[in-house]
Amino acid sequence: MIIAANWKMHKTREETLEFLKEFVSRSGEIREGIQAVICPPFTFLYEAGEKQAEGNFRLGAQNMHWEKEGAFTGEVSPIMLEDAGVRYVVLGHSERRHVMGETDQVINRKMKVLADYNLAPIFCVGETEQERDEGRTGEVLKRQVRQGLQEVDLNVLQKMVIAYEPVWAIGTGRAAYPEDAREAAETIRRTLDEFDSDLGDKTNILYGGSVKEGNIAGFTTLPQIQGALVGGASLKPDSFIGLIKAAQEAG
Ligand code: 13P
């Protein structure tokens, strides 16, 4: 099971170090079989990366550019992430898609270059409220998967984690019903099979969107869901460890 913390644009350096200190000291509470991933803002990656050796977590980044280097003001390259000890990179998050205007094609370029790096993508997909109301959830998920993964190396697909994050559930306190997540995960898996016959059943799919201690088990106990991508409830060590424990206690 993978429980990933997406801190988005939150925390100072001091707050980051405080969080990691407490998280590392409580790492013993996390059972084997649970992989905690922490994705802080770029400026804290190096220091957080150094703490990986002490604590039971892997470092993730929230985004990256597809080029190794060049005239791309304001961007961060995959090689820089590797250098900082990053293992996972969130790609295609709904805030990148809908606030920063990233298209399926842009996300696809980023996915493609991962063949050259030791970074595993956490590839995010999910429908907006309007798309859901129009009954287009399945169609949108299929499009995001087909276009986002087009011509992506099989090695990348095999190390990829997918996060199903319905846009209307992110930061709203209104999580999806586990049944919705189950159905979405099934659609994603059958679309993945178009890339390789058993890719769908082998891929870890996380649910994201208003996950908290009280609802995480409803998702992680589904056979179709292998963990969670958490925003708001991952910002405090107590809360993040609390939801890891809730998931592990539910089995
Ligand atoms: P919240 O858990 O704050 O709803 O955010 C979910 C998310 O976008 C994680 O990537």
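Per-structure values
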read-out	value
Residue selected from region 164-176 under the condition part of a helix (DSSP H, G or I) and near the ligand (Cβ under 10 Å from one of its atoms), by the criterion surrounded by the most Cβ atoms within 10 Å (Cβ to Cβ)	A169
Inter-residue pairs, beta-carbon under 7 Å, first under 14 Å from V125 (Cα atoms) and in region 165-184, second charged (D, E, K, R) and buried (at least 18 other Cβ atoms within 10 Å of the Cβ), 6+ apart	P166/E127; P166/R132; V167/E127; W168/R132
Positions within region 116-151 being under 18 Å from the mean Cα position of the chain (by Cα) and either farther than 20 Å from R189 by Cβ or β-branched (V, I, T) (or both), in sequence order	Y117, N118, L119, I122, V125, T128, V145
Qualifying residue in region 4-19 (condition: away from the ligand (no atom under 16 Å from the Cβ) and under 16 Å from the mean Cα position of the chain (by Cα))	no
Residue check, S239 of a type in the set (S, T, Y) and in a loop (DSSP other than H, G, I, E, B)	no
Any hit, region 67-75, residues being open to solvent by less than 70 Å² (accessible area, probe 1.4 Å), away from the ligand (no atom under 16 Å from the Cβ) and within 17 Å of F195 (Cα to Cα)	no
Filter result (open to solvent by 10 Å² or more (accessible area, probe 1.4 Å), under 28 Å from I241 (Cβ atoms) and among the small types (G, A, S)) within region 177-220	S210, G214, A217, G218
Matching residues, region 78-100, being assigned to a loop (DSSP other than H, G, I, E, B) and either more than 18 Å from the chain's Cα centre (by Cα) or over 14 Å from P121 (Cα atoms) (or both)	A84, G85, V99, M100
The lone exception for Y207 - which of (1) within 19 Å of E139 (Cα to Cα); (2) part of a loop (DSSP other than H, G, I, E, B) it fails	(2)
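Results for (1) in a helix (DSSP H, G or I); (2) hydroxyl-bearing (S, T, Y); (3) crowded, with 20+ Cβ neighbours inside 10 Å; (4) within 16 Å of the ligand (Cβ to nearest atom), shown as yes or no for each residue.
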residue	(1), (2), (3), (4)
E102	no, no, no, yes
Q105	yes, no, no, no
L114	yes, no, yes, no
E131	yes, no, no, no
Q144	yes, no, yes, yes
Q147	yes, no, no, no
E151	no, no, no, no
Q158	yes, no, no, no
I162	no, no, yes, yes
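The values are calculated or read from the model by the stated rules, or taken from the named source; none is laboratory data. Just so it is clear, the structure is predicted and the values come from calculations on it, not from any experiment. When we count neighbours, we look across all protein chains shown, and the Cβ atoms used for this are built from the backbone with ideal geometry, even at glycine. With ligands, DNA and RNA removed, areas are computed over all heavy atoms of the protein, side chains included. Shrake-Rupley method; radii C 1.70, N 1.55, O 1.52, S 1.80 Å.
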